[in-house]
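The values are calculated or read from the model by the stated rules, or taken from the named source; none is laboratory data. The structure displayed is predicted, hence computed values, not measured ones. Note that each Cβ is placed from the backbone with ideal geometry, even for glycine, and that neighbours are counted across all protein chains shown.
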Amino acid sequence: MSPTASQPPGKLPGVGESIFSVMSRLALEHGAINLSQGYPDYDGPQLLRDRAAWHMNHGHNQYAPLAGVPELREAIAELVQARYGARIDPDREITVTPGATEALSCAIATLVHPGDEVLVLDPAYDSYDPCVRLNGGVPVHVPMRPDFRVDWDRVRAALTPRTRLLMLNHPHNPGGTVFGETDLAALRELVDGHPLYLVSDEVYEHIVFDGRPHRSLLGDPALASRAFVVSSFGKTFHATGWRVGYCIAPPALMAEFQRIHQFTNFSTQTPLQYAIADTLSELPEHLAGLGAFYQRRRDLFLRELEGSGFRFTPAEGSYFQLVDYSDISDAPDTAFAMTLTTDHGVAAIPVSVFQVEPPPGQRVVRFCFAKEESTLTAAGERLRAL
Ligand SMILES: Cc1ncc(COP(=O)(O)O)c(C=O)c1O
């Protein structure tokens, strides 16, 4: 009898089906309007899609260079210079990745060694904690303030000699908050004298409202010198299924990152990279208008919520709106989100899934307003009826 291998223990015990899949399935089963998962129900610019087809039909179908096609890296460097005033070397400081998710994973793998502590600010995007653990790191979860801003005193109090990395996300999912100048000042003070690296998840960098700037770490040389800054063309071009993002870091860090990226995915979809490069240069109005595009949707959704039992502070950025439902129900958020889907026909995400220790009594769910206006209006009607 040949010996059979016994299955080794799982590396991510406790990780099951994501709440995003659960809610989307529930929404489908009950015919609910799906404002749960974070993706648009419309396509990106026609030019982008035409160019993807064009490049597929004109020989751009083999492996791209590991770092990304030069045309796209150059376009990213120009964009960063125009937006944040930073000069980025497209040959040594940029890697195009299959989605921001792979960039986050490779950045964490680059920095985190067994036993290293990584500060994760809750509520946090769901990939950070598992990536830290897969690399033998120890995620240290630090709650944000109840208004979903960073509590810098708590971050400082969590620093130990073993802290390697701080994960940042702004504009914030699910909080909808953006960094102000005081956040950057607090961050500068925090890293001063501490050998701390930063991963700055800025996938919603172009989706900020009411005239606010997005304060990228790339605009601050001292912070950028120790940071991996991650962005996503999926978010920027309404094309989350294309899986194209990128990462920017100083040359020495980027060289290490590329060693890992080389054996994770090697490179990113060639024709899509060319299509994005073309669209960035030929359709600058798409990016220039993105904040206003989403602000209109946010405002429409908030008008729809007027007269409902939900309370909210308007999102400052991202395409998510948090709402407090404590005037409607005292149920915990997962139960409330389920009932909202099954009985009232609108799917949302409970915020506690982004937190290791949800604050007791928190009654908040997240809606995604990256949806057609008719979808938002229909959802509003149902939500006002609660
Ligand atoms: C905060 C945050 N980071 C990263 C991602 C992943 O981006 P991508 O789809 O480009 O992998 C998302 C997607 O929802 C997100 O919300």
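Observations
- Screening G211 against (1) within 16 Å of the ligand (Cβ to nearest atom); (2) out of contact with any Pro (no Cβ under 6 Å at 6 or more places or on another chain); (3) under 27 Å from K371 (Cβ atoms) leaves a single unmet condition, (1).
- Scan of the stretch 24-47 for residues that are within 15 Å of the ligand (Cβ to nearest atom) and hydrophobic (A, V, I, L, M, F, W, C), ordered by number: L35
- Filtered residue count, the stretch 240-255, keeping only those that are within 16 Å of the ligand (Cβ to nearest atom) and either surrounded by 24 or more Cβ atoms within 10 Å (Cβ to Cβ) or more than 20 Å from G317 (Cβ to Cβ) (or both): 8
- Single residue of the stretch 147-192 satisfying the filter (in a loop (DSSP other than H, G, I, E, B) and closer than 25 Å to P114 by Cβ) that is nearest to the ligand (Cβ to nearest atom): L159
Matching residues to (1) polar (S, T, N, Q); (2) closer than 20 Å to S105 by Cα:
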{"residue": "N173", "(1), (2)": "yes, yes"}
{"residue": "A185", "(1), (2)": "no, no"}
{"residue": "E189", "(1), (2)": "no, no"}
{"residue": "D192", "(1), (2)": "no, no"}
{"residue": "D201", "(1), (2)": "no, yes"}
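- Residues of the stretch 89-110 classified as more than 16 Å from the ligand (Cβ to nearest atom) and surrounded by fewer than 22 Cβ atoms within 10 Å (Cβ to Cβ), total: 4
- E17 vs. criteria acidic (D, E) and part of a loop (DSSP other than H, G, I, E, B): yes
- Residue within the stretch 130-138 that is farther than 17 Å from F179 by Cβ, within 12 Å of the ligand (Cβ to nearest atom) and in the same structural domain as N265 (by TED's automatic domain parsing) present: yes
- All positions within the stretch 30-49 that are in contact (Cβ under 8 Å) with a residue 40 or more places away in the chain and out of contact with any strand residue (DSSP E or B) (no Cβ under 7 Å at 6 or more places or on another chain): H30, G31, Y39, P40, D41, Y42, D43, G44, P45, L47, L48, R49
- Pairs, first over 17 Å from F336 (Cα atoms) in the stretch 8-29, second surrounded by 13 or more Cβ atoms within 10 Å (Cβ to Cβ) and aliphatic (A, V, I, L, M), C-beta under 7 Å, six or more apart: K11/L134
- Of everything in the stretch 260-295 that is outside any loop (DSSP other than H, G, I, E, B) and without any contact (Cβ under 8 Å) to a residue 60 or more places away in the chain, the residue that is surrounded by the most Cβ atoms within 10 Å (Cβ to Cβ) is F293.
- A residue that is away from the ligand (no atom under 15 Å from the Cβ), on the phi < 0 side of the Ramachandran plot and assigned to a helix (DSSP H, G or I) cannot be found anywhere in the stretch 226-238.
- Residue list for the stretch 315-354, filter: closer than 24 Å to Y128 by Cβ, buried (at least 19 other Cβ atoms within 10 Å of the Cβ) and among the polar types (S, T, N, Q): S318, Q321, S352
- For the stretch 125-146, a tally of residues being without any contact (Cβ under 8 Å) to a residue 60 or more places away in the chain, under 25 Å from P314 (Cβ atoms) and not in a loop (DSSP other than H, G, I, E, B) returns 0.
- Set side by side, the residues I276, I328 differ, and just one is of a type in the set (V, I, T) and within 27 Å of I19 (Cβ to Cβ), which is I328.
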